[in-house]
Structures are given as C-alpha cells and as structure tokens.
Amino acid sequence: HGAAELEEMGTDALPRRTPAPAWIPTAKGEEGDFCLRSSDCVAGLCCARHFWSKICKPVLREGQVCTRHRRKGTHGLEIFQRCQCAEGLACRPQREPGPADPARLHTCQRH
C-alpha cells in the first residue's frame, strides 16, 4: 500500500534534503580518514588508494621511497598508492654505485 499512497500524495510530500550552508566549516581528514580527493585532507596529507577505498596518507619527505610511473595512467592501477613527494623534492632513482638497474628503488630527493 505504501507505493500507491506516495503516488497519490506526489513528490511534494517527500522531505527535501538541503545542502549545508557554505559558512559551516567542513572538517579536513586526518591520517587514515576516508577521502575522495586530496583537498579533503589536512595539509601535509594526500588522498590515496588503500585497498578499494581512499584514505588520507602523508606526503613523502626527503629519503622516503616513492613510486615513479613510467606510463601515464598507471597510478590508478595500484592497490596501495603512495602520495607524491613534498614540494621541492622529486622522485628519482637512489644514488648507488654500480650498473643502473631499472627496478631499483626511487626516493624523494632535492631538485
């Protein structure tokens, strides 16, 4: 009987959801909080994939291991994404003596 009653009342009887006023501050996500984009996280964190959801993770600092993507679009294939290197740092191969190994680790280094 519920669907027929709704049809008779029309959509005007249904409660309407109103968006939150723009002046209400929205809390930024802390490390480990769920997010949709990096702007959802506090400063120093980015929004990155963790299994099949996305959480706020720390932006990488100097010396930390980073991910260098050879092909555009491969970042979306990772189950555990890392954030990018912090400002002023670049993701480069670790400096080690010996032959160049394409599989070697990359770390965040000063430009």
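Quick rundown of the values:
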read-out: Pair list, Cβ < 8 Å and 6+ apart or interchain, from the range 54-65 residues that are more than 15 Å from Glu30 (Cα to Cα) and open to solvent by 30 Å² or more (accessible area, probe 1.4 Å) to residues that are hydrophobic (A, V, I, L, M, F, W, C) and not in a strand (DSSP E or B); value: Arg61/Ala86; Glu62/Ala86; Val65/Leu105
read-out: Pick from the range 77-111, criterion within 24 Å of His50 (Cα to Cα) and exposed (fewer than 10 other Cβ atoms within 10 Å of the Cβ), ranking: modelled with the lowest pLDDT; value: Ala103
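The values are calculated or read from the model by the stated rules, or taken from the named source; none is laboratory data. In this text the structure is predicted, and so the values were computed from the model without any measurement. In this analysis, Cβ positions are derived from the backbone assuming ideal geometry, glycine residues included, and neighbour counts consider all displayed protein chains. Ligands, DNA and RNA are stripped out before the accessible areas are found, and what is left, the full protein with its side chains, is counted by its heavy atoms. Shrake-Rupley method; radii C 1.70, N 1.55, O 1.52, S 1.80 Å.
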